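Worksheet: the structure to be examined is printed underneath.
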Amino acid sequence: MAIASTEPRTHDAARSDFLGHPRGLAFLFTTEMWERFSYYGMRALLVLYMVRYLLQPGHAETVIGLGALRSMLESIFGPLGAQPFSSPIYGFYTGFVYFTPLIGGLIADRWLGQHRTIIIGASLMAIGHFMMAFEPLFLFALLMLILGNGCFKPNMSAQVGGLYAPGDHRRDRAYSIFYVGINIGAFLAPLVAGTLGEDLGWHYGFGAAGVGMTIALIIYIYALWSHALPPDELHKVKAAGQEKKPLDRAEWRAILALIALFLPVTLFWATYEQQGNTITLWADDHTDRTINLIFWHGEIPTTWFQAFNPFMIFAFTPFVVALWGWQAERGKEPSTVVKMALGCFGCALSYLIMAGAAWHAAGDDASWLWLFAFFVIITIGELYLSPIGLSLVSKVAPVRMVSMMMGVWLATSFIGNFLAGYLGSFWSSMDKTNFFLMIAAVAAFAGVVIFAFNRPLRAVLKD
């Protein structure tokens, strides 16, 4: 249920001069693009940095707090080598990155508003990326990045919806455009930060991520200064006198429906997030990365494979959106819930492809084309789930809780990334074919559960 703002519109956010959308979308697009550049640039290096360098003898001893963390994990899992130790750290980091948005959304909705919370988050992340250049501060750098992302991420996503009035048909397309911005940054990150980290030194790659986050902060501050962004939802709610009004029955039903749908989505993220963990290790250790064109011969750097998915996102998005439009004209567009289920099934199929690669290679290096096919399918699956979830939250969540509910959506990745780290810990001990079959089964199960919600939730979600 949306509440019309009674605040005078002294900003220019509603002016349509960016692909037929408010110009504020252009600033949110570029801010998010640079923030994602910083996040994925660091993530492209994180596992490789730990396995090849930081967790090796002579380096691990210099990291403040790492010995205590190792002791705690080994008390649960037993002795851990570099790779099994890196996987839970990766899972903790990527998990908490998507848990803290719950807190950041609550802070924005109740006290600081979206604008201030975003600036605080962007500043913390910029500091955290630069701290990654100092080995003893590794765990503290991860903490800064986790806290900063919690303040930044839910409020950026919620502000996209704030650019549009209730019922504005452009909202879904706006989130697709916004999602392209996310993936342009994610595409460039491994190519720039990943290459710098692998070729010149790890700290150069982490420094590049810090520069990207600083650019994002500058763009956002300029957008506020130029009145290009909508007013805070907190200000709108206070202006309408709604901040202390209890939630009505319809609002509670919408919240419960979103939560029910989000639970199986965690399993999707548990499988999807293997890209930054075990898929990276597969590309590094089990893939023939040589490429031989008539005019060029060389080897694809490991980190570059993480650019495949974001490149395919902005390459495939126009076609997927056009397909949905074509289906809508004929009354055959899938419901939101069915789209999300299809996204899970696409993810399952992508890991069946990897199981085929492992079986076909039979212990030898597999062609990099198997990974290319994997990324094609998992990307299509992602397009059917991730931007759809963002748009759904902005449409269904009560306006006074939109940032916090966006945080709940992002928190599905919190549990998912913990599960991803747990599943990834089996990588070294399992046959690779069986490992990929296990991941495919988890994704397929998530799809079945989501599909079962289609009829019960359709009326509540107005889909």
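The table for this structure:
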item: Relative contact order computed over the chain (Cα-Cα under 8 Å; 6+ residues apart), in percent; result: 27 percent
item: For the chain, size of Cβ-based charge dipole, Lys and Arg +1, Asp and Glu -1, in debye; result: 1700 debye
item: Cα-only radius of gyration and Dmax that characterise the chain, units Å; result: 21.7, 68
item: Hull-based mean projected area of region 391-463, where the convex hull spans the alpha carbons, in square nanometres; result: 6.0 nm²
item: Region 296-359: trypsin sites (Lys or Arg not before Pro) in DSSP coil with no more than 14 other Cβ atoms inside 10 Å; result: 330, 332
item: P(r) of region 98-249 over all Cα-Cα pairs, binned every 5 Å from zero, in whole percent; result: 2, 9, 14, 18, 20, 15, 9, 6, 4, 2, 1, 0
item: Accessible area (Å², 1.4 Å probe, nearest 10) - residue 61; result: 130 Å²
item: Accessible surface, region 87-185, averaged per residue in Å² (probe 1.4 Å); result: 32 Å²
item: Among 182, 96, 260 - extreme Cα towards positive end, dipole of the chain, charges at beta-carbon; result: 260
item: For region 292-440: relative contact order, % (alpha-carbon pairs under 8 angstrom, 6 or more apart); result: 30 percent
item: Cross-link pairs 245/339; 332/395; 245/395 - those with Cα-Cα distance over 24 Å; result: 245/339
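The values are calculated or read from the model by the stated rules, or taken from the named source; none is laboratory data. Here the structure is a predicted model, which means the values were calculated and not measured. No Cβ is skipped: glycine too gets one built from the backbone with ideal geometry, and neighbour counts run over all protein chains shown. For the accessible areas, the whole protein counts, side chains as well, though only heavy atoms, and no ligand, DNA or RNA atoms are used. Shrake-Rupley method; radii C 1.70, N 1.55, O 1.52, S 1.80 Å.
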